[in-house]
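*Asks:* I am attaching a structure below and will ask some questions about it afterwards.
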Amino acid sequence: MKLLEVRNLKTYFDTREGVVRAVDDVSFSLEKGEAIGLVGESGCGKTTTALSVLQLLPKEGRIAGGEILLNGEDFAAKSEEELRKHRWRDVSIVFQGAMNALNPVMKVSRQIAEALLLHEELTEEEARRRVLALFDLVEISSSLVDCYPHEFSGGMRQRAMIAMALACGPKLIVGDEPTTALDVMVQAQILALLGKLRREFGMAMILITHDLSIVGANCDQVAVMYGGKVAEIGPVGKVLRNPCHPYTQRLLKAFPDIRGEREMVQSIPGFPPNLVTPPPGCRFSPRCDAAREICFSREPAMRCVEPGHEAACHFAEERS
Ligand SMILES: Nc1ncnc2c1ncn2[C@@H]1O[C@H](COP(=O)(O)OP(=O)(O)OP(=O)(O)O)[C@@H](O)[C@H]1O
Ligand SMILES: [Mg+2]
């Protein structure tokens, strides 16, 4: 059985401007210990996909269709109480700038201990020992055990947030641009740490990033998202070596500078679609050099270009 199966997920936001179809028929799955990268321009639905899996949507958001199965269990059907437990024990998240979410007037170790005490029945002494073990796991020196957040570097604070996310041994961890705010060296260290934890505990990961080189180095699969849909999905080596969706090709070409994530986004002319009134046909067609007549009227289905590798383009096979 798959650890996670997301099938035809639709997540909408009800706004004054209308219904935002932020995630519109997205499917992917993860085996135990596997990592998938979600990439694509700003606003294409990456975070909303992850928040749907975590059942952490803001109140204006709703799952409008599809299924999310964790170990075969559909947890859209669960109570809020069950979900709260599930969030820590089964799935957990480290988000961009999480390190700034630490309480500045409480020792970091104390904050992790409190998170543990909230979710598990432990004595103070047990919690303290667990925190030390977690420090060890994420490679924070035990000499920092009495320190406050401002005495930690940015990278160390992000490690502390990872420790917190790992506290209850989740089967799946979501990293939503977990290293974006950090310098390149520290980024690499944190990603190496997540990789180590994945191998050690068989933890699966959804890694959200703008940086395709990060996905290449840290994920087994990649899903390229565009306008709330998956444009292309498959094993990371296949998709990066043999991209078959024009959008993926543009993303890859526009990537000479590994640090210029935001610049990369601008180097594709035009803007991603408005998700209240997306264009008819293929959502990428207004920006696609290769678009033909059919692309403006008919929505492309997912086409298999090689085993496990699919692209939502009418002409995907011509490029494979
Ligand atoms: N709370 C909300 N209310 C209304 N619309 C929202 C809300 N959150 C997100 N959206 C919209 O949903 C779409 C997808 O947003 P999402 O944050 O999932 O994108 P993203 O791929 O994570 O982008 P980024 O790379 O900027 O983080 C966007 O059109 C966004 O404006
Ligand atoms: Mg996001």
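The values are calculated or read from the model by the stated rules, or taken from the named source; none is laboratory data. Because the structure is a prediction, the values reported are computed rather than measured. We place every Cβ from the backbone using ideal geometry, glycine too, and count neighbours over all the protein chains shown. Surface accessibility is based on the protein's heavy atoms, side chains included, excluding ligands, DNA and RNA. Shrake-Rupley method; radii C 1.70, N 1.55, O 1.52, S 1.80 Å.
*Asks:* Just to confirm, what accessible area per residue do you get for the stretch 5-45 at 1.4 Å probe, in whole Å²?
*Replies:* For the stretch 5-45, the solvent-accessible area averages 41 Å² per residue.
*Asks:* Shifting gears a bit: Specify the inter-centroid distance of the stretch 269-284 and the stretch 40-57, based on alpha-carbon positions, in whole Å.
*Replies:* 18 Å
*Asks:* In what sequence, highest mean first, do 207-217, 124-134 appear when ranked by Cβ atoms within 10 angstrom?
*Replies:* 207-217, 124-134
*Asks:* How large is Rg over Rh for the stretch 184-320, taking Rg from the Cα atoms and Rh as the Kirkwood inverse mean of 1/r across Cα pairs?
*Replies:* For the stretch 184-320, the value is 1.00.
*Asks:* May I ask you to give the percent of accessible area on the chain that is carbon plus sulfur, with a probe radius of 1.4 Å?
*Replies:* Taking all protein chains in place, the chain shows 52 percent carbon and sulfur surface.
*Asks:* Here is a further query. Report for the stretch 159-254 the percent antiparallel among DSSP-assigned beta bridges with both residues inside it, nearest 5.
*Replies:* Here the antiparallel bridges make up roughly 55 percent for the stretch 159-254.
*Asks:* What is the antiparallel percent of DSSP beta bridges lying wholly in the chain, to the nearest 5?
*Replies:* Counting only bridges with both partners in the chain, antiparallel ones make up about 65 percent.
*Asks:* Across all directions of projection, what mean area in square nanometres is found for the Cα convex hull of the stretch 68-189?
*Replies:* Here the figure is 8.2 nm², rounded to one decimal.
*Asks:* Continuing with the same structure: Applying 1/(1 + (r/R0)^6) with R0 = 41 Å to the Cβ-Cβ distance of VAL105 and LYS32, what FRET efficiency is obtained, to the nearest 0.05?
*Replies:* With R0 = 41 Å, the Cβ-Cβ based efficiency is 0.55.
*Asks:* In Å and from the alpha-carbon atoms only, list the Rg and Dmax of the stretch 1-140.
*Replies:* Both quantities, over Cα of the stretch 1-140: 17.5, 53 Å.
*Asks:* Let me ask something additional. Calculate the FRET efficiency for SER142 and ASN71 from the Cβ-Cβ distance with a Förster distance of 22 Å, rounded to the nearest 0.05.
*Replies:* 0.05
*Asks:* Shifting gears a bit: Give me the percent of Cα-Cα pairs in the chain that sit more than 25 Å apart, rounded to a whole number.
*Replies:* For the chain, the fraction of Cα-Cα distances above 25 Å is 52 percent.
*Asks:* Per DSSP H run of at least 4 residues, take -39500 (n - 2.57); add these up for the chain, divide by its residues and hand me the 222 nm value, nearest 500 deg cm²/dmol.
*Replies:* Here the helix-only value at 222 nm equals -9500 deg cm²/dmol.
*Asks:* So if each residue of separation counts as 0.36 nm, and I subtract the Cα-Cα distance between VAL19 and LEU56, what length gain in nm does that give?
*Replies:* 11.4 nm
*Asks:* Once fully extended, how much extra length lies between LEU132 and HIS150, figured as 0.36 nm per residue of separation less the alpha-carbon to alpha-carbon distance?
*Replies:* 4.5 nm
*Asks:* Between 0 and 90 degrees, rounded to the nearest ten: what's the tilt of helix 184-201 against the longest Cα principal axis of the chain?
*Replies:* 80 degrees
*Asks:* Run down the aspartates and glutamates and flag those whose C-alpha is under 20 Å from the C-alpha of LYS32, throwing out any fewer than 8 positions away in its chain.
*Replies:* GLU5, GLU67, GLU73, ASP74, ASP90, ASP176, GLU200, ASP220
*Asks:* Taking the Cα atoms of the stretch 176-249, what is the range of coordinates along each of the three principal axes, in descending order and whole Å?
*Replies:* 33, 27, 23
*Asks:* Moving to a separate point now. Is the shape of the stretch 109-166 best called rounded, prolate or oblate, per the rule: a/c under 1.5 gives rounded, else a/b larger than b/c gives prolate, else oblate, with a ≥ b ≥ c the square roots of the Cα gyration tensor eigenvalues?
*Replies:* Here the stretch 109-166 falls in the prolate category.
*Asks:* Give me the 1.4 Å probe accessible area per residue for the stretch 147-216, excluding ligands and nucleic acids, in Å².
*Replies:* Normalised by residue count, the accessible surface of the stretch 147-216 is 32 Å².
*Asks:* Please give the Cα centre distance for the stretch 62-92 versus the stretch 124-192, rounded to the nearest Å.
*Replies:* When both Cα centres are located, 25 Å separates them.
*Asks:* To make sure I understand the rule: partners must be aspartates and glutamates, Cα under 13 Å from the Cα of LYS59, and not fewer than 8 residues away in the same chain. Which ones qualify?
*Replies:* ASP14
*Asks:* Still on this structure, please answer the following. For the chain, what is the relative contact order in percent, using Cα pairs closer than 8 Å and at least 6 residues apart in sequence?
*Replies:* 21 percent
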